[in-house]
Amino acid sequence: MSARLTVWAPGGFPEVRPGDDLATLVGDVLAADAAASGDAPAEGDVVVVTSKVVSKAEGRVVLAADRERAITDETVRVVATRERPGGLPPLRIVENRLGLVMAAAGVDASNTPEGTVLLLPEDPDASARALRAALRSRFGLDRLGVVLTDTAGRPWRDGLVDIAIGAAGVAVVDDLRGGFDAHGRPISVTVTAVVDEVAAASELVRGKTAGRPVAVVRGVGRFVLAGDGPSGDGPGARTLVRPSADDLFREGSAEAYARGLADAQGLADGAESGRG
């Protein structure tokens, strides 16, 4: 039998403003799409929502008189900084309050009113849990997942992809360790980031400028959880953030070189002082 994945993004989503009931807006768009196409949300589906509309509904809109200040305020650790030509502010790769390492701390100036920028949701996993609860109730479903996405770059690869920054009702990883491959060899490393793959697939139909911030992914039901509470919501996307102790690249190459040079100079100065 074939394995099949279906992904679609309904149109007609309205402009979101601070204080809007996002669950109602998402539910209305999914219901209208179901009436037109016959594809109502079903058991095992995953509803994917861009974090941009979540941020707007939650009032995470700030004045952009000083976007660089907003980036600084959201930063907990600088990974790398590079100057840019043409008088542009420097590029900053940083760790933000959510533990995510990304450019500009995830502060977004696109698809937002002139003179404002968007910050990421304060707790994307909590936002996903609330949205899941409302959609499960509205459509009478038990096994329904929700993933919140944002766009990010990747080390050693050009181009951007959408990743999951919030998740509820979905197993965030598929841990294959301890199993065997098709040739009977033991698998000791592979842990697939399921919610990131769902996020990336959804972006192919949502697009950056099409005004379609919501998508439905069907065909990954084996990863979708049932029920309420922690067991039904799952561990959330925050668990995908790599712990500091396991991060081999906690700073940029230029920063690491400068720090190593400074450390070496400090050792040399100390040795010289000891001889004196």
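Computed extension length for Asp20-Ser137: 40.3 nm, one decimal, from 0.36 nm per residue of separation with the Cα-Cα distance subtracted.
Residues considered: Pro85, Pro235, Pro113. Largest GNM mean-square fluctuation over the chain, using C-alpha springs under 10 Å, is found at Pro85. The length gained by stretching the chain between Thr192 and Ser253 to full extension, at 0.36 nm per residue less their Cα-Cα distance, is 19.2 nm.
If you take the square roots of the eigenvalues of the alpha-carbon gyration tensor of the stretch 64-161 and sort them as a ≥ b ≥ c, do you get rounded (a/c under 1.5), prolate (a/b over b/c) or oblate? Prolate, because a/c is 1.5 or more and a/b exceeds b/c. Compare Ala109, Ala264, Ala40 in a GNM of the chain, Cα atoms joined below 10 Å, and give the one with the largest fluctuation. Judging by the Gaussian network model, the answer is Ala264.
Among [x] 1.10; [y] 1.05; [z] 0.93, which one is Rg/Rh (Cα atoms, Kirkwood Rh) computed from these coordinates? Recomputing Rg/Rh (Cα atoms, Kirkwood Rh) here picks out [y].
Taking other C-beta atoms within 10 Å as the exposure proxy, Thr239, Thr112, Thr149 rank Thr239, Thr112, Thr149 from fewest upward.
Under a GNM of the chain (C-alpha, springs under 10 Å), which listed residue has the highest mean-square fluctuation: Val16, Val47, Val191? Between Val16, Val47, Val191, it is Val191 that shows the largest mean-square fluctuation. For the stretch 168-173, backbone phi angles converted through the Karplus equation (6.51, -1.76, 1.60; θ = phi - 60°) give residue-by-residue couplings of 8, x, 9, 5, 6, 10 Hz, Gly and Pro being listed as x.
Since only Leu30, Ser137, Ala104 are under comparison, the one whose Cα sits farthest along the positive direction of the charge dipole of the chain, derived from C-beta charges on Lys, Arg, Asp and Glu, is Leu30.
The 3J(HN,Hα) values that the Karplus relation (6.51, -1.76, 1.60; θ = phi - 60°) gives for the stretch 140-156 are, in residue order, x, 10, 9, 9, 9, x, 9, 10, 9, 10, 8, 8, 9, x, 9, x, 6 Hz. Gly and Pro appear as x. Mind pulling the angle between the C-alpha long axis of helix 194-206 and the longest principal axis of the chain? Nearest 10 degrees, somewhere in 0 to 90. That works out to roughly 70 degrees. For the stretch 116-164 versus the stretch 14-60, the inter-centroid distance based on Cα atoms is 11 Å.
Here the extension length gained between Ser244 and Asp181 equals 19.6 nm, from 0.36 nm per residue of separation less the Cα-Cα distance. Placing +1 on the Cβ of every Lys and Arg and -1 on the Cβ of every Asp and Glu, with no other charges, gives the chain a dipole of roughly 340 debye about its Cα centre. Its Cα centre serving as origin, the stretch 25-164 has a Cβ charge dipole (Lys and Arg +1, Asp and Glu -1) of approximately 300 debye.
Against the main long axis of the alpha-carbon atoms of the chain, helix 124-139 sits at an angle near 0°.
Quick note: the coordinates plus some simple rules give every number you see, no bench work behind them. Quantities reported herein were computed from a predicted structural model and do not represent experimental measurements. Note: ideal-geometry Cβ built from the backbone for every residue, glycine included; neighbour counts use all protein chains shown.
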